[in-house]
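What follows draws every value from the coordinates through simple rules; no lab data is involved. Please read all numbers here as calculations on a predicted model, not as lab measurements. A quick note on method: Cβ atoms are made from the backbone with ideal geometry, for glycine too, and the neighbour counts reach across all protein chains shown.
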Amino acid sequence: MQSVAPGCILGNRGGKYFTISRAMGEVVRVIGIDPGLAKTGFAVVEPLERGGRVCHSGNINTDPEHSLEERLSTIYRELSRVLRQWSPDLMVLEDVFVMKQFPMVAMKLGEVRGVIRLTAKNMGVPISEIKPTEVKSALTGSGRARKEQIERVVRRILHIEDKIKSDHISDAMALALTGLTRNGLFRW
């Protein structure tokens with residue numbers, strides 16, 4: 001497994017550097033988050049010498065019959081549980097991509113992202129944001145890659161034989177891998 005020394009620069013957030021807090025020999029864990037009100041995909045990933053390993057992944061599902069407040073509370077509660085369980089060193093959140101003709105969707109997605117950011121802040125997890133085109137480019141060489149191409153690369157790098165359960169989980173895995181690579185902690 002890859003070891004990282006304390007004090008190693010992990011990333012740059014708004015010109016402000018932050019460092020990992022893992023002891024020598026401990027592996028860095030990153031959680032990728034694909035935000036959504038109905039389904040928020042997440043994946044906790046660790047780098048290996050060759051490729052990586054998924055520690056835990058899934059979707060945080062919310063019931064469309066419930067109020068917005070209750071749905072946001074579910075995301076907060078479930079994400080808090082995952083962060084407590086896995087103690088990631090970094091959260092990689094998909095940067096916003098919204099269509100101007102759907103302003104209500106953009107506003108709800110903004111609220112979901114706000115809850116995710118609040119959860120990370122309350123749990124002491126730094127956040128890095130990555131645009132979908134950067135993820136696609138990092139993994140396939142093309143910022144216009146299709147979801148199937150991304151999943152194929154993610155499965156190869158993370159040694160996953162079966163199809164990944166949902167696009168949200170696959171996207172979260174891709175975000176985590178790109179976050180690790182962007183910060184010099186991972187190569188495949």
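Remarks
- Failed condition for residue 183, given (1) surrounded by 15 or more Cβ atoms within 10 Å (Cβ to Cβ); (2) polar (S, T, N, Q); (3) over 15 Å from the mean Cα position of the chain (by Cα): (3)
- Within the stretch 149-165, one or more residues are out of contact with any strand residue (DSSP E or B) (no Cβ under 8 Å at 6 or more places or on another chain), assigned to a helix (DSSP H, G or I) and within 15 Å of residue 56 (Cα to Cα).
- Residue match in the stretch 76-98 (condition: in a loop (DSSP other than H, G, I, E, B) and surrounded by 17 or more Cβ atoms within 10 Å (Cβ to Cβ)): yes
- The listed residues are 92, 112, 44, 135, and the only one of them that is touching a Cys at 6+ places or on another chain (Cβ under 8 Å) and among the aliphatic types (A, V, I, L, M) turns out to be 44.
- Some residue of the stretch 172-186 being assigned to a helix (DSSP H, G or I), closer than 30 Å to residue 74 by Cβ and in contact with a Lys or Arg (Cβ under 7 Å, 6 or more places away or on another chain): no
- Looking at 93, 79, just one residue is in contact with an Asp or Glu (Cβ under 7 Å, 6 or more places away or on another chain) and touching a residue at least 12 places away in the same chain (Cβ under 8 Å), and that residue is 93.
- Within the set 112, 125, the sole residue that is in a loop (DSSP other than H, G, I, E, B), touching a strand residue (DSSP E or B) at 6+ places or on another chain (Cβ under 8 Å), surrounded by 14 or more Cβ atoms within 10 Å (Cβ to Cβ) and of a type in the set (A, V, I, L, M) turns out to be 125.
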